[in-house]
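I have placed the structure first, in the form of C-alpha cells, so that the comments after it can refer back to it.
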Amino acid sequence: MDGRRGRDGRAARPERSLIEDGTFGGVVLWIDDRNDTPGPLSGLRIGVKDNIDVAGVETTCASEFFEGNVAASDAAVVTRLRRAGGSVVAKLNMAEFAVGVTSQNSAAGPSYNPWNRARVPGGSSGGSGIAVAAGLVDASLGTDTGGSVRLPAAACGITGLRPSWGSISNNGVFPVSEPFDTVGPMARSVAEVKALFDVLSPSPSEPSEVTRIGVPTVFLTADVESGVAQTVAAAVRTFAELGYEIVPIQLEHAADAQDIVYTIVYGDLARCHRHRLDTEPSRFQPATHERIALGLSISESDRARAFAGRDRFREAMTATFATVDVVLTPAMPVDVPPRDGGDDVVALSRRMGQFTYPWSLHDGPTLALPVGFHPSSGMPVGAQLTAAAHREGALFGVGERYQSVSYWHRAIPPHTSDL
C-alpha cells in the first residue's frame, strides 16, 4: 500500500485526498511494527484510532492543536495487543477530538464509506470502521462514548463492541467524558472481537446462557426508517429460528437517555477544551467547535439532574435484565447518510445516535453486528445486542450463533479486494 511510514513518521496532512491511496481516508499513518511475539493475536494487523497513544508516533486526535504531539509511551491497550502477538500497523482517522458521528471533521481530511464513497463511514471512529471493512487491517480499536464504535461498525458492515464501562483501561487514551469513555475492539466477526476483548480486558469473557431476547417494539416501529426496520426485523426472525424466545419489552426512561448523555458529555467537553475555546477557537474544525461550544451553557445543576437521570435509567435496566438476557435494537434508525447531508451537524448527530446513546447510559456491554443491506441504497444495516454489566460472554455467544447462519459479516465492499 502507498503511504507506509516508519514509527517516527508524521501524520498525513489534508493537502491531498486520502482516498487517492486506497485508504478511503481511514488511515493517516502507517507504522512499521512487525511483532513476532507468540500469542492469541499473532499475525493480526491491527490499527488504532488516533486518540490512542503509540510510543514514538503522533497522537493528533485529528486536530491541528495536537500536530507534533508524539506519544512517549504506549497506551495500556496497545501494550496488551503487543504482548498478545498483535502488530499495531496504523493510526486511523477520526472525528476531531472524537466529537461527531460522520468523521468528516478531521484535520487529516474527511473519511469515505468503502461501500459508497458518497456516504459517511460513521464516527467518531470512522477510520477504524473503514480500515477493517476495506481489508486494510484485520482488526482495529476505536473509542465509544455515545456510539463511536457501534455507528462505524454498523455503517461499514463490520462487528464492534462497546464493552462494560471500566472493563478496558483508558490509560493513554485522550478523553471525551470519563463517565462514558470506553475503548472498543472492531473486526469482521464476533469471534475476532471476542479474541480482542479477552486480550484487552483483565477479566476475559465467560460463557453465559441466553434464552430470552428482548425487543423493544418502539425501536422497530416508531421513528425508524422503513428499510432499516425491515432489515432488522428479518434478523429478529433469524434469532427466533435459532431457538431464542423473542420477548416484546418496554425500555423505561429510554426517551430521556440521549439528552442525559449529551448533558454530561458536552459539559465535560467544554471543561476539557475551555482554554482552546477561549484562546484559539478558529483552530477547531467548524463542526467540532459547534458541538463542544454547546457545553458552555451547561450548569452544575444541569449535570446533577443528568446524573440522577442516569441512575434512574440504570435501575430500570437492572429490572429489564432480570426478565430477559439480551436486548436487541437497530444500531442506527436511518440509512447511512450521504457525506453532503446538510449543515445541521447537531441534528444529524442526534438522529444517527438515537439508539446508541441510551446504551451508553447503561453500564453493560453492547455489540454491534451487521444484519443485512438496506433494500433501497444497498448500504450495510447493523443491529445492537446489549446485556447486563460484565456479561460480554452472553453477547458473544448469541452473536457467534447468528454469524454461523448468516454471511453479512463476510461481505466485502466493492473495489477493495486489491488494496
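The values are calculated or read from the model by the stated rules, or taken from the named source; none is laboratory data. The structure presented is a predicted model; accordingly, all values stated were derived computationally and were not measured. Methodologically, a virtual Cβ is constructed for each residue, glycine included, from the backbone with ideal geometry; neighbour enumeration extends over all protein chains shown. All accessible areas refer to the heavy atoms of the entire protein, side chains included, with ligands and DNA or RNA removed. Shrake-Rupley method; radii C 1.70, N 1.55, O 1.52, S 1.80 Å.
Yes or no: Leu328 within 16 Å of the chain's Cα centre (by Cα), of a type outside the set (Gly, Ala, Ser) and open to solvent by less than 10 Å² (accessible area, probe 1.4 Å)? No; evaluated as a whole, the condition is false for this residue. Taking the criterion of being farther than 28 Å from Gln250 by Cβ, out of contact with any Leu (no Cβ under 9 Å at 6 or more places or on another chain) and surrounded by fewer than 17 Cβ atoms within 10 Å (Cβ to Cβ), the residues of region 288-325 that qualify are Ser297, Ser299, Glu300, Ser301. Of the helices (runs of 4 or more DSSP H) that lie entirely inside region 331-419, those containing 3 or more residues that are open to solvent by less than 60 Å² (accessible area, probe 1.4 Å) and under 23 Å from Ile292 (Cα atoms) span 345-352, 357-361.
For the criterion of being small (Gly, Ala, Ser), closer than 26 Å to Ala270 by Cα and more than 21 Å from the chain's Cα centre (by Cα), Gly43 fails.
Is it true that Val48 is within 27 Å of Pro413 (Cβ to Cβ), among the β-branched types (Val, Ile, Thr) and either at pLDDT below 95 or not in a strand (DSSP E or B) (or both)? In short, no. Screening Phe197 against (1) more than 18 Å from Met332 (Cα to Cα); (2) loosely packed, with under 14 Cβ neighbours inside 10 Å leaves a single unmet condition, (2).
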